[in-house]
Ligand SMILES: [Zn+2]
């Protein structure tokens, strides 16, 4: 079932250790098939080198297993909550990447202080409140936090990062960019208070990057 999507989700998982975003088995990616509304997600507690297209888990939009030998990721209920409440999202990534999570431990947003952040996020990367793992509470915080934001990424207080996208690949890119910009912001904050970019300029950066940049 969903052979291509299983392959894609499996391949994308390799990007998390490749980009130094995860340790051991932490972190996960899911993708929704817009036609069937089925979701392919990482199996729980399997190390990244051991992931294969075959051991990915297929669940329905309510998080019930449709196909798979393994238990699904412990964040499955939250991924499914996000899919049910944001129809434009077809890919979700979760990491505990270091610098971004350091901001989350203070409940702090990552400030939009570089043009790259204006491009990708259109403003600060917001930080949502604390939620326990296992149910859909994390999903509720993500939906609530991203509701009024252009950002495809948010932090979860004392936990880590969730990113969303129209495809799983775009959500992975947002996870990579979140950590890169978190590291820049953290470094910058060691030198005092960084300069800010005017909101009107952030709007122009975001518009150009989203609508003009690239091939
Ligand atoms: Zn987590």
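Calculated mean residue ellipticity, 222 nm, the chain: -12500 deg cm²/dmol, from DSSP H runs (n ≥ 4) at -39500 (n - 2.57) each, averaged per residue and rounded to 500. Averaging 1/r over every pair of different alpha carbons in the range 10-94 and inverting the result gives a Kirkwood radius of 12.7 Å.
The equivalent ellipsoid that matches the C-alpha gyration tensor of the chain spans semi-axes of 29, 18, 16 angstrom, in descending order. Helix 3-18 and the longest principal axis of the C-alpha atoms of the chain enclose an angle of approximately 50°.
Under a 10 Å cutoff between Cα atoms, tell me which one of 58, 161, 22 has the largest fluctuation in the Gaussian network model of the chain. With Cα springs under 10 Å in the chain, the top fluctuation among 58, 161, 22 is at 22. Along its principal axes, the range 113-211 has C-alpha extents of 39, 34, 22 angstrom, given from the largest down. With springs connecting C-alpha atoms under 10 Å apart, model the chain as a Gaussian network and identify which of 75, 180, 33 has the largest mean-square fluctuation. Sorting by GNM fluctuation, first place goes to 33.
Highest GNM mean-square fluctuation, the chain, Cα pairs closer than 10 Å: which of 81, 70, 99? Result for the chain, Cα springs under 10 Å: 70 fluctuates most.
How much length, in nm to one decimal, is gained on full extension between residue 20 and residue 115, taken as 0.36 nm per residue of separation minus their Cα-Cα distance? Intermediate values should be presented prior to the final figure.
Details: separation 95, 0.36 × 95 = 34.20 nm, distance 2.29 nm.
Using 0.36 nm per residue and subtracting the Cα-Cα distance, I get 31.9 nm.
Counting neighbouring Cβ atoms within 10 Å and putting the fewest first, the residues 61, 138, 202 line up as 61, 202, 138. Rounded to the nearest 10 degrees, the inclination of helix 168-190 to the longest alpha-carbon principal axis of the chain is 40 degrees. By the count of neighbouring beta-carbon atoms within 10 Å, fewest first, 73, 188 end up ordered 188, 73. Were the residues from residue 102 through residue 86 laid out at 0.36 nm apart, the gain over their Cα-Cα distance would be 3.0 nm.
In this label model, residue 61 and residue 132 are separated by 2.8 nm, measuring between points 7 Å along each Cα→Cβ vector.
Taking the C-alpha atoms only, the angle from helix 199-211 to the longest principal axis of the chain is near 40 degrees. Among 120, 3, 179, 54, a tally of other beta-carbon atoms within 10 Å of each Cβ gives an order, fewest to most, of 3, 54, 179, 120.
Projecting label points 7 angstrom from Cα along Cα→Cβ for residue 144 and residue 212 puts them 3.9 nm apart.
The relative contact order of the range 3-211, computed from alpha carbon pairs under 8 Å that lie at least 6 residues apart in sequence, is 21 percent.
Only the coordinates and a few stated rules stand behind these numbers; no lab work does. Please read all numbers here as calculations on a predicted model, not as lab measurements. Note: ideal-geometry Cβ built from the backbone for every residue, glycine included; neighbour counts use all protein chains shown.
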